[in-house]
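Student: Before we start, here is the structure in question, set down as structure tokens.
The values are calculated or read from the model by the stated rules, or taken from the named source; none is laboratory data. All figures in this text were calculated on a predicted structure; none of them were measured in a lab. Cβ: placed from backbone, ideal geometry, glycine included. Neighbour counts: every protein chain shown.
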Amino acid sequence: MAKKTTPRKGAVKKTKYIFVVGGVMSGVGKGITTSSIGKILQSRGFSVTALKIDPYINVDAGTMNPTEHGEVFVLSDGDECDQDMGNYERFLGVTLSRDNYMTTGRVYQSVINRERNLEYKGKCVEVVPHIPMEVIDRIKRAAKQAEADIAMIEIGGTIGEYQNILFLEAARMLKNMHPEDVFFVLVSYLPTPSKIGEMKTKPTQYATRTLNGAGIQPDIIVARADRDLDEKRKEKLALFCSVRKEDVISAPDVDSVYHIPLNFEEQNLSTILLKKMNLRPRQKDLKDWKGFVSRVEESQKTVDIAVVGKYFKTGDYVLSDAYLSVIESLKYAAYALKRKPVLHWIDSEEYETNPSSLRELKKYAGVLIPGGFGSRGIEGKIEAIRFCRENGIPYFGICYGMQLMVIEYARNACGIADAHTTEVNPKTQNPVIDIMPEQKKNLRDKNYGATMRLGTYEAVLKNATIARKAYKQKEIIERHRHRYEVNPEYIARVEEAGLIFSGTSPDHRLMEIAELPASEHPFFVGSQFHPEFLSSPLHPHPLFVEFLKACVK
């Protein structure tokens, strides 16, 4: 539970709520739009929080397949949620909680539990109004906890889908309760068919009418397209969607999503919204953000990084969203060094079928293996780690990437040929990586949801190590998402062979960071935690920065 705090001096009397909904198609950019609007309102001196509503029956995102849903982002309190929550934290520089994330399953579960506990006092509990009312209660609770002047709420899915209609109903009901405090932004796509050569507004007109059918009229239309909107298109949207022309915001494709807040401000979006919300405009300060965007634009010299994983393929396409926070963290660190990162996606199974292809790793400045689960491609990853270690290629392993790094070292440096993880081989004679004892019962009972070491944990760093040099402090706090750990029975043997566990839990029971000395390798480091969850544009994570420094060298 968050500590009770007194209201901030200068806080607005009532929280304002801005709902962001999507039209025409999925993937139109609602999450980035929500983050960007939040950023520009924050720059005007207002306290902003952000919420995501996902129309899934899943209670959380932890059991979703990354190749279908994208990355599972972990909050400090251990909540497993949608990757857009990561965007909110990175853009706004805030720490969000489980109150800021809800799914259909989570809402229904809460209502059913309340009904079982007789909290409805014998009433007939119905889908409407009780589900929308639960959604409203959650939105208000999150806003109150954050002491937010403005709460941004992204409703997942696309207008016209059955799955999100109850969330739209909640938004309509909240608007009816607080007509002066609730506003709507429609993020819609305007296609330009190649054979026609003209940008079409009709799909967005239909999306607006469909939204009207749910009892909602957009206050702002963010028009996504492959190019800037012209005046003619803005006039048509204003006429047929019942908005003012200045309320149609052009949002063309950009090379960097971090330019979007600046694009919105060039169109005076924060001023338009503050006027609609009847809030007095305060200062406008995007100086630090502009500085970051300038570094992005000025970074011309490239640095090539290979990302070796398995959550890439979805049909004939590569889904990099499975590692979104890792990608962004690499970018932040590279831009801090005024380098442009070029990422290369390598399926680790290729190294199992064609070991000679490992030689291609020599052409990259560094190699990163991110987190993951399961046995597919694991031997290919281990061989890639060995190649990096033996050839002096900077290597960074995250979570599973650290566990495999320890396995590789145990096999090839300690002579434990059959060293393995019980996640892949439960009967291994040398379980260098093993399940946490308290989790064994959960696995036996097939209780997989939210049973891992989740959220923030403390660690202490050893002196004269790469980790200590990177952090510049002895004690750190990082976010975790895993069940398996380095087996304490093998720690002494591995360290005798030369691998250093430079970060441990305060009681020294859990190994948090492993590395080879800088005198032996330019950068051979693994972290059991997920540093990518605490990296942001204005504050790149120190381990990523240190990795990129080695890559640049």
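Student: Mind checking whether some residue in segment 322-334 is in the same structural domain as ALA410 (by TED's automatic domain parsing), part of a helix (DSSP H, G or I), more than 26 Å from the chain's Cα centre (by Cα) and crowded, with 17+ Cβ neighbours inside 10 Å? Spell out the reasoning first.
Tutor: Filtering segment 322-334 for residues in the same structural domain as ALA410 (by TED's automatic domain parsing) gives 322-334.
Pick out the ones that are also part of a helix (DSSP H, G or I) and you get 322-334.
If we keep only those that are more than 26 Å from the chain's Cα centre (by Cα) too, we end up with none.
There is no residue in segment 322-334 that is in the same structural domain as ALA410 (by TED's automatic domain parsing), part of a helix (DSSP H, G or I), more than 26 Å from the chain's Cα centre (by Cα) and crowded, with 17+ Cβ neighbours inside 10 Å.
Student: Out of VAL222, VAL128, VAL135, VAL187, I need the residue that is within 26 Å of the chain's Cα centre (by Cα), farther than 25 Å from VAL257 by Cα and hydrophobic (A, V, I, L, M, F, W, C). Which one?
Tutor: Working: VAL222 fails: farther than 25 Å from VAL257 by Cα; VAL128 fails: within 26 Å of the chain's Cα centre (by Cα); VAL187 fails: farther than 25 Å from VAL257 by Cα.
So the residue among VAL222, VAL128, VAL135, VAL187 that is within 26 Å of the chain's Cα centre (by Cα), farther than 25 Å from VAL257 by Cα and hydrophobic (A, V, I, L, M, F, W, C) is VAL135.
Student: A further question on this structure: Return the total of residues in segment 339-378 being at pLDDT 95 or above and part of a loop (DSSP other than H, G, I, E, B).
Tutor: 3
Student: Being in contact with a strand residue (DSSP E or B) (Cβ under 6 Å, 6 or more places away or on another chain) and touching a residue at least 60 places away in the same chain (Cβ under 8 Å) is the requirement here; does LEU269 meet it?
Tutor: On the way: in contact with a strand residue (DSSP E or B) (Cβ under 6 Å, 6 or more places away or on another chain): yes; touching a residue at least 60 places away in the same chain (Cβ under 8 Å): yes.
Here the answer is yes, as LEU269 does meet what is asked.
Student: Of the residues that make up segment 156-172, is at least one on the phi > 0 side of the Ramachandran plot, surrounded by fewer than 23 Cβ atoms within 10 Å (Cβ to Cβ) and assigned to a loop (DSSP other than H, G, I, E, B)? Spell out the reasoning first.
Tutor: Residues of segment 156-172 that are on the phi > 0 side of the Ramachandran plot, as a first pass: 157, 160.
Within this subset, residues satisfying the condition of being surrounded by fewer than 23 Cβ atoms within 10 Å (Cβ to Cβ) are 157, 160.
If we keep only those that are assigned to a loop (DSSP other than H, G, I, E, B) too, we end up with 157, 160.
For segment 156-172, residues on the phi > 0 side of the Ramachandran plot, surrounded by fewer than 23 Cβ atoms within 10 Å (Cβ to Cβ) and assigned to a loop (DSSP other than H, G, I, E, B): present.
Student: Can you tell me which residue within segment 34-51, out of those that are touching a helix residue (DSSP H, G or I) at 6+ places or on another chain (Cβ under 8 Å) and polar (S, T, N, Q), is surrounded by the fewest Cβ atoms within 10 Å (Cβ to Cβ)?
Tutor: SER43
Student: Step by step: first the residues of segment 190-208, then only those that are surrounded by 13 or more Cβ atoms within 10 Å (Cβ to Cβ) and out of contact with any Cys (no Cβ under 8 Å at 6 or more places or on another chain), then the one that is farthest from ILE155 (Cα to Cα). Which residue is that?
Tutor: Initial filter on segment 190-208 (surrounded by 13 or more Cβ atoms within 10 Å (Cβ to Cβ)): 190-191, 199-201, 203-208.
Filter once more, so that each one left must be out of contact with any Cys (no Cβ under 8 Å at 6 or more places or on another chain): 190-191, 199-201, 203, 206-207.
Values: LEU190: 20, PRO191: 22, MET199: 26, LYS200: 25, THR201: 22, PRO203: 19, TYR206: 18, ALA207: 15 Å.
Residue satisfying both the conditions and the ranking: MET199.
Student: If you don't mind, there's one more thing I want to ask. Could you tell me whether segment 442-453 includes any residue that is closer than 22 Å to VAL525 by Cβ, of a type outside the set (Phe, Trp, Tyr), modelled with pLDDT under 95 and part of a strand (DSSP E or B)?
Tutor: Filtering segment 442-453 down to residues closer than 22 Å to VAL525 by Cβ leaves 453.
Narrowing the set further to residues that are of a type outside the set (Phe, Trp, Tyr) leaves 453.
Adding the requirement that they be modelled with pLDDT under 95 leaves 453.
If we keep only those that are part of a strand (DSSP E or B) as well, we get 453.
Yes, some residue in segment 442-453 is closer than 22 Å to VAL525 by Cβ, of a type outside the set (Phe, Trp, Tyr), modelled with pLDDT under 95 and part of a strand (DSSP E or B).
Student: Please enumerate the residues belonging to segment 228-262 that are surrounded by 15 or more Cβ atoms within 10 Å (Cβ to Cβ) and without any contact (Cβ under 8 Å) to a residue 24 or more places away in the chain.
Tutor: Looking only at segment 228-262, we keep the residues that are surrounded by 15 or more Cβ atoms within 10 Å (Cβ to Cβ), and these are 229, 233-234, 236-238, 240-241, 243, 247-251, 257-262.
Within segment 228-262, LYS234, ALA238 qualify.
Student: A follow-up question, please. State whether one or more residues within segment 467-483 are of a type in the set (Phe, Trp, Tyr), modelled with pLDDT of 95 or more and closer than 21 Å to SER329 by Cα. Write out each step before concluding.
Tutor: Step one: of segment 467-483, the residues of a type in the set (Phe, Trp, Tyr) are 471.
Next, only the ones that are modelled with pLDDT of 95 or more stay: 471.
Checking which are closer than 21 Å to SER329 by Cα leaves us with 471.
Within segment 467-483, one or more residues are of a type in the set (Phe, Trp, Tyr), modelled with pLDDT of 95 or more and closer than 21 Å to SER329 by Cα.
Student: Then there is this: Name the residue, out of ARG90, ARG106, that is basic (Lys, Arg), over 30 Å from HIS259 (Cα atoms), modelled with pLDDT of 95 or more and assigned by TED's automatic domain parsing to the domain that holds TYR258.
Tutor: Details: ARG90 fails: over 30 Å from HIS259 (Cα atoms).
Unique residue meeting the criteria: ARG106.
Student: State which residue is nearest to the chain's Cα centre (by Cα) when the search covers only segment 378-424 and only residues that are under 23 Å from ILE305 (Cβ atoms) and of a type in the set (Val, Ile, Thr). Give the derivation first.
Tutor: As a first pass, look at segment 378-424 and keep what is under 23 Å from ILE305 (Cβ atoms): 378-409.
Still in the running and of a type in the set (Val, Ile, Thr): 378, 382, 385, 393, 398, 406-407.
Values: ILE378: 24, ILE382: 26, ILE385: 26, ILE393: 28, ILE398: 15, VAL406: 27, ILE407: 28 Å.
The extreme case among them is ILE398.
Student: For residues that are under 20 Å from THR210 (Cα atoms) and either within 33 Å of the chain's Cα centre (by Cα) or outside the structural domain of THR201 (by TED's automatic domain parsing) (or both), tally how many sit in segment 227-240.
Tutor: 2
Student: What number of residues in segment 187-218 are part of a helix (DSSP H, G or I) and charged (D, E, K, R)?
Tutor: 2
Yes or no, residue by residue, for (1) of a type in the set (A, V, I, L, M); (2) more than 24 Å from LYS331 (Cα to Cα); (3) surrounded by 24 or more Cβ atoms within 10 Å (Cβ to Cβ); (4) not assigned by TED's automatic domain parsing to the domain that holds TYR335:
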{"position": "GLU495", "(1), (2), (3), (4)": "no, yes, no, no"}
{"position": "SER502", "(1), (2), (3), (4)": "no, yes, yes, no"}
{"position": "LEU510", "(1), (2), (3), (4)": "yes, yes, no, no"}
{"position": "PHE524", "(1), (2), (3), (4)": "no, no, yes, no"}
{"position": "PHE529", "(1), (2), (3), (4)": "no, no, yes, no"}
{"position": "SER535", "(1), (2), (3), (4)": "no, no, yes, no"}
{"position": "VAL545", "(1), (2), (3), (4)": "yes, no, no, no"}
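Student: Within segment 54-86, how many residues turn out to be among the hydroxyl-bearing types (Ser, Thr, Tyr) and closer than 16 Å to ASP99 by Cα? So that I can check it myself, show each step before the final result.
Tutor: Residues of segment 54-86 that are among the hydroxyl-bearing types (Ser, Thr, Tyr), as a first pass: 56, 63, 67, 76.
Within this subset, residues satisfying the condition of being closer than 16 Å to ASP99 by Cα are 76.
Residues in segment 54-86 being among the hydroxyl-bearing types (Ser, Thr, Tyr) and closer than 16 Å to ASP99 by Cα: 1 in total.
Student: So in segment 457-493, with the set limited to residues that are under 29 Å from the mean Cα position of the chain (by Cα) and surrounded by fewer than 18 Cβ atoms within 10 Å (Cβ to Cβ), which one is nearest to LEU516 (Cα to Cα)?
Tutor: Selected residue: LYS469.
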